[in-house]
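Colleague: Below you will find the structure I want to go over with you.
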Amino acid sequence: MGAAFWRHVPAGPPGTVWIPGGEFTMGSSELDALATERPAHRVRVSGFWMDAHEVTNAEFARFVAATGYVTTAQKKPDWEEMKKQVPPGTPRPDDSALVAGALVFTPPSGPVPLDDIGQWWRYVPGADWRHPEGPGSSIDGRDDYPVVNVCWDDACAYARWAGKRLPTEAEWELAARGGLEGNRFAWGDQAPPARLAPGQHGLANIWQGEFPHRNTQEDGYTLAAPVMSYPPNGYGLYDMAGNVWEWCADWYRVDEYRRRASDVALENPLGPTESFDPLDPYAPKRVIRGGSFLCHITYCESYRTAARRGGSPDTGSCHTGFRCVVSPSDIRPALESKSALDRPASR
Ligand SMILES: [Ca+2]
Ligand SMILES: [Ca+2]
């Protein structure tokens, strides 16, 4: 992108940074890439503004105060909706099980098999964005922590209210790479140190110690950290690796990149028209990116730039939040007098 264009890019909405568009390599074909991240392929994305940090409790509280919005985790689950996402013939749970809540990380007391997430995840009645760990917990003193226990629908509702939208998965990954090419992590290729020396600052809020039962907390936090507690990437974006997972707009298909592979760069891909995950065929999923405070090198290492996963769009969890983006075209009427944005960027 030409330097002249940079000088004329107007400031975006408060709290956002401009992510210059361009062509980049999305996904990974490296040896450690998971099947869902393969193959690496070329994608071209137009420029946009992105929230510099994950949406915070204080920001979400302003949305709720202005609109009276009630999140999905605060409502009694609807069996008619739930039964579409479970194998046919699944019996209706007892009414006592159909209660409002969210998924909360509950560490076991000792080592457990890593192939059973039920060992550390629990559906906690009463867990919602105001009660991140369930009844008895609160967001008092956590204004600048990322909002959690918000599902994809809640994130979209917030984004609409804010005059923004959720990023596409391609926008998210371009932004996470911070202007670098082929980088494994938001800051470059250097893996986060397994141990931090006293006084050494962590690169991201991830899991340290032994997952999921022992967290040595060397990066300062066992669970979520206040946003912007770790260094930003090259675009000035914070926590694009770790802290909380972030909802993207796209449906999640495990084979999406294999369907895409082509010699021609894809232009602003919007993702598939429906989700596909053979391990969980009945539950539709939206993409989440960036990993969380629970990610560890021995488990999923999802703080890598190419890492991707799917989440049920109606389910909140204590390690998933979001941030928003906005395109010049989304707010063009307000910018009509600033014609710089009408000129295509040179590449
Ligand atoms: Ca941590
Ligand atoms: Ca994050």
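No value in this document is a laboratory result; all are computed from the given coordinates. Remember, predicted model here, so these are calculated numbers, not experimental data. Positions of Cβ are backbone-derived with ideal geometry, glycine not excepted, and every protein chain shown enters the neighbour counts.
Colleague: Per 0.36 nm of contour for each residue apart, how much would the distance between K75 and Q190 grow if the chain were fully extended, relative to their Cα-Cα spacing?
Modeller: Residue separation times 0.36 nm, minus the Cα-Cα distance, leaves 37.1 nm.
Colleague: If you don't mind, another one. If we count other beta carbons within 10 Å of each Cβ, what is the order of W245, W121, fewest first?
Modeller: So the ranking, lowest neighbour count to highest, is W121, W245.
Colleague: Please list the equivalent ellipsoid semi-axes of the range 1-140, computed as the square roots of five times the alpha-carbon gyration tensor eigenvalues, in descending order and whole angstrom.
Modeller: For the range 1-140, the semi-axes come out at 38, 26, 17 Å.
Colleague: Here is a follow-up. Taking only Cα atoms, what is the 0 to 90° angle, nearest 10, from helix 152-161's long axis to the longest principal axis of the chain?
Modeller: Between the helix axis and the principal axis of the chain, the angle is about 50 degrees.
Colleague: For the peptides 101-107, 49-55, 34-40, what is the packing order when you average, over each peptide's residues, the other Cβ atoms within 10 Å and list the highest mean first?
Modeller: 49-55, 101-107, 34-40
Colleague: Mind computing the radius of gyration and Dmax over the alpha-carbon atoms of the chain? Å is fine for both.
Modeller: Cα-based Rg and Dmax for the chain come out at 20.0, 64 Å.
Colleague: Continuing with this model, one more query. Among residues other than P13 whose Cβ falls under 11 Å from its Cβ, what is the net charge (Lys/Arg +1, Asp/Glu -1)?
Modeller: Computed value for this residue: -1.
Colleague: Charges on Cβ only, +1 for Lys and Arg, -1 for Asp and Glu, centred on the Cα centroid of the chain; of M26, A283, P87, which one is farthest towards the dipole's positive end?
Modeller: It is M26.
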